[in-house]
Structure formats: C-alpha cells, structure tokens
1. In the set 156, 218, 228, which member is within 16 Å of the ligand (Cβ to nearest atom), assigned to a loop (DSSP other than H, G, I, E, B) and in contact with a helix residue (DSSP H, G or I) (Cβ under 7 Å, 6 or more places away or on another chain)?
2. Could you list, in sequence order, all residues of region 263-274 that are out of contact with any Lys or Arg (no Cβ under 8 Å at 6 or more places or on another chain) and more than 8 Å from the ligand (Cβ to nearest atom)?
3. Could you please find all residues in region 323-351 being away from the ligand (no atom under 14 Å from the Cβ), surrounded by 24 or more Cβ atoms within 10 Å (Cβ to Cβ) and within 20 Å of residue 224 (Cα to Cα)?
4. Output the residues belonging to region 186-218 that are under 15 Å from residue 231 (Cα atoms) and surrounded by fewer than 18 Cβ atoms within 10 Å (Cβ to Cβ).
5. Could you pull out the residue among 366, 394 that is more than 8 Å from the ligand (Cβ to nearest atom) and without any contact (Cβ under 8 Å) to a residue 60 or more places away in the chain?
6. Residue under question is residue 388, and the condition is that it be within 12 Å of the ligand (Cβ to nearest atom) and either part of a loop (DSSP other than H, G, I, E, B) or touching a His at 6+ places or on another chain (Cβ under 7 Å) (or both); does it hold?
7. Can you tell me which residues in region 398-430 are hydrophobic (A, V, I, L, M, F, W, C) and touching a Leu at 6+ places or on another chain (Cβ under 7 Å)?
8. I'm told residue 6 meets every condition in (1) buried (at least 22 other Cβ atoms within 10 Å of the Cβ); (2) assigned to a helix (DSSP H, G or I); (3) small (Gly, Ala, Ser) except one. Can you identify the failing condition by its number?
Amino acid sequence: MKNKVAVHWFRQDLRVKDNPSLNYLSKKYENIIGLFVFDDVNRDPRLGSASKVWLCESLKHLNEQLNGNLILLKGDPQECLEEILNFFDVEEVSWNRCYEPWVIKRDKKIKSNISEKIKVSSFNGSLLWEPWEILKDDNTPYKVFTPFYKRGCLSKKAPRNPETSKINFFNHNFRSTNICDLQLLQNKEWESQTLKIWQVGEAQAEKIMKNFLEEGIKDYSDGRNFPKKKNVSRLSPFLHWGQISPNTIWYALSKVNDVGEENIEVFKSELGWREFAYYLNYHFPYLQKENLKKNFDNFKWKNDEISFQRWTKGETGIPIVDAGMRELYQTGYMHNRSRMIVGSFLVKNLLIHWKKGEEWFWDCLFDADAASNSASWQWIAGTGTDSTPYFRIFNPVTQGQKFDPEGQYIKKFVPELNDMPIKYLFSPWECPENIQNEINFKLGVNYPNPIVDLKESRKRALLTYEILRRENSK
Ligand SMILES: Cc1cc2nc3c(=O)[nH]c(=O)nc-3n(C[C@H](O)[C@H](O)[C@H](O)COP(=O)(O)OP(=O)(O)OC[C@H]3O[C@@H](n4cnc5c(N)ncnc54)[C@H](O)[C@@H]3O)c2cc1C
C-alpha cells in the first residue's frame, strides 16, 4: 500500500508525537501532507484575541517541525480539501476529532461529502475517554463529576497508551497561505507583552511537563490552591491546542516516583475535570450559550456595565479580585483559585450574568476552551449540572488571607498596595487614615474604593438566589 499520498488535517492537535491520526497514516503511506485550515466561515463563536496569538505562534512552530511543508489555508475546509484532492493524488484523508458542537456539525457534513470520493478516517487525539462511551446504567449521561469520573471513566478500559511513529511529510509545491496573511495578530502591544511570558509549541509543552513532574507535582494536592506557588502545571493552553496529549501526561504520571500517590491522583482528577467539561459540551451542546439548569433563565441578573468594566480592568477595589483580573490581562492566564474568586465575585457579589464573564475569559485566556470555560462558569454561577451550591459565595478577603497569606500575589499584580501593612492588604478600605498617611497612600486616589460592599452584596445574592429557589419549588 506504500507510495500513496494521504492528508492529515491538523486542527486542535498541533503536534507530531502521539498523534493517532498521523500514526495511522504513517503505517499505510510513505508521504503525508500536513494541512491546517483557518476556518473563518463556520467557526462559532469566533476565536478570542489570546487564542489567535497562541495559534499564530503555534502554526509557526508546527511548520518548522514539518520542515516548512505545512499547507496553511484560510476559508471553508470543505472547499480547501476539495482543492487539495484535485491537486494531489490523495488516497485518504484523516483527522483527530474535535468536540465543539459547531465542529461536529461541520465535520459530519465534510465527511459525508468527501467520503463519496475518498476514504476518510477520524480518531480520538484529545480525550482520555470518548464522551459517548461513558453513560449511566440507564444509558443517560452523568451530570455529576464524581460518579462520572470514578464510576464512569475509571471503571472503563484504561486510556490509550501514547505512541509516536516516524512520519515523512510530503515536500510539496502546493500554494500555502503565509501565516501573517491569516491576520491573527492585530499588532497590539498586549500581544507581544503576553507572549514574552510564554513559549509555544510541542517541544515546549514536553519541557513544561517534565519540569512540572520533577518539581510542581510534589506538593500539587495542597500547593495548587496558592496562586503564587509553582505547583500547577500551566499546561492548559498546550492541552487545548493539542500540543501535548492528555494520554502522554496520564502515563508520564505513572512513571513518577516518590511524590505521594495523593498528588498524582489529584492531578489525574483535574484531567478528569477536563474530560467532564468536554463530556458536558458533547451531551449538552448548548453549554456555551445557555444555562444548563433551565430554571435560571428567569434569574434576575443585573445589567451593570460600569461594574463589569471595572471588573475586566482589575479596578474593583477588592485586591485579590484585581490581582486575578490583571494577571489574566497581563499574562493570558489566571490561576484556578483566582478564576474561582473573580468568577464568584462577578456572578454573586455583582450579580452579573456568567455569560459576560465567560466571554471576557474567552477573549483573554491563552487556554480559552469552549468546554472548560463554559462548564466552569456555569459551575460557579450555579446554573450547571454539578455546580457549587447557591449559598457558597467566596469571601475574597478570607480567600486572599488563606491562599495568598504573605500577599505576594496581590503585590505582584497590584503594586499600588506594596506598602500596605499585611493586616489591611486584603481589605484596604479598613486601613485607618493615619496609617494611610504614613505609607503615603490615599484610598480612592492610589487605589479604588470597593465597587460593592462585600457583606451587603452577599446578602443580596443570597436573597436573589433564594427567591429563584422558592419560585421553582411552587
Ligand atoms: C471561571 C473559570 C474558567 C475557566 N476557563 C478555562 C478555560 O477556558 N480553559 C481551561 O483549560 N480551563 C479553564 N478553567 C479550569 C482551570 O482553571 C484551568 O484548566 C487551570 O487553571 C489551568 O491551569 P494549569 O494548566 O496550571 O492547571 P493544572 O492544575 O496543572 O491542571 C492540569 C490540567 O487539568 C485541566 N484542569 C484543571 N482544572 C480544571 C477544571 N476545573 N476544569 C477543566 N479542566 C481542568 C487543565 O487542562 C489543566 O491544564 C476555568 C476555571 C474557572 C473557574
């Protein structure tokens, strides 16, 4: 069967190692064409600004890995594939599956159209378990994480072992769009600033994983709660774009010694949360757009654009919230603890719709992921299937005291508070005037007054959620 040409269509699997579609093709064909299509026709929603930056850098790396042979096109993938099929003598087209509803719809259509002319194959390259394989005894999907993960996933066949084949990418003379012509970048200072903090690409993902498994994992179970500690992997953007497979990480964890079983199990369960988010998005394809709990459709969200803008800019006057929001804007990433704090503050203390937060994160996060982002926002808002209870409202002052006890995280992103004594760092509005004078600081001038009273807004949230609960129990 050798000497035939096959096309691998790269999508959210921007890697060469442990790539099931590439492995499959490499066993059958001598030469493989690597294709990436920037689909600006079907995509829903549009890519966020940070995702575009990440994608642009990633494509440069991938093209280098393919010795400049990546075919890069822009437009409707159906038309792009047709063009390739007309140009080359292609025997087979293959890809790794994606799970966003708009992609499933598009791929089904393409598969049915081109499989009339040519063999089309697809593989699981981004999940440990396929969403349709995990169902309850009554054949309905799980809605709660723990039974999904423990009874559903862990009792199934173990995830696929990672595998890497030698692949020859075809040295072609077909037209390819220049990466710059995809117009992913807008030449904003923000783009170059955030990228200084990150290195992108498959090799980098592997390096980060190795460092994490040598250092970060040791105290993961506890340390992952502290935004200033180096106990989280920061692999999320790489996982989103498939620059590393979850299988590679899953099996690398099994080879780590002397770091405590609990740390490994907790980390694996975080990968499980990722699976759960994809699972929900597959079984409830309106996850990114609508409340999973329909009774929330009548919830009295507040339309408060001024507070929302202050939240996005990290100018709420609540230090740990502002630190998180500025971390997001300055680095394209936010620690999970901070994501929960700023999210709870938006939907509960400000009573602003989770969708507004989801959209801002979508635009700013390098790891912006339709499934994980929406599932997490719905979890925080209480609108999801397995959500935080409505009465659980994070207190940003005690959260800061507990998880940033020395204030290093706050001071890094809110330097206006550098001289604030630790006693008032988490609630500078309580700092007496004489101390403010001593440190040459004036609340309302150097740093804003809080945009809401934490106690009052907590009461208001509890009441609003309680009204909804009562209305629904009528
Ligand atoms: C409001 C909100 C929005 C979020 N939006 C996203 C998003 O757009 N994209 C995204 O990848 N994650 C999102 N998360 C989940 C989580 O915050 C990030 O995955 C995590 O912070 C990424 O950092 P890390 O790679 O260092 O995580 P680690 O602690 O090192 O975890 C390893 C991996 O497990 C997965 N993971 C960990 N926690 C979660 C979780 N709660 N849900 C789903 N997967 C998880 C990620 O793939 C992560 O890379 C969101 C969480 C919240 C509360």
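Every number here is computed from the coordinates shown, using simple stated rules; none is lab data. Since we're looking at a predicted model, the values are computed, not measured. Cβ placement follows ideal geometry from the backbone for every residue including glycine, while neighbour counts extend to all protein chains displayed.
1. 228
2. 264, 265, 268, 269, 272 - these are the residues of region 263-274 that are out of contact with any Lys or Arg (no Cβ under 8 Å at 6 or more places or on another chain) and more than 8 Å from the ligand (Cβ to nearest atom).
3. Correct list: 323 only.
4. 210, 211, 214, 215, 218
5. From the options 366, 394, the qualifying one is 394.
6. The answer is yes for residue 388.
7. 410, 417, 425, 429
8. Among (1) buried (at least 22 other Cβ atoms within 10 Å of the Cβ); (2) assigned to a helix (DSSP H, G or I); (3) small (Gly, Ala, Ser), the lone unmet condition for residue 6 is (2).
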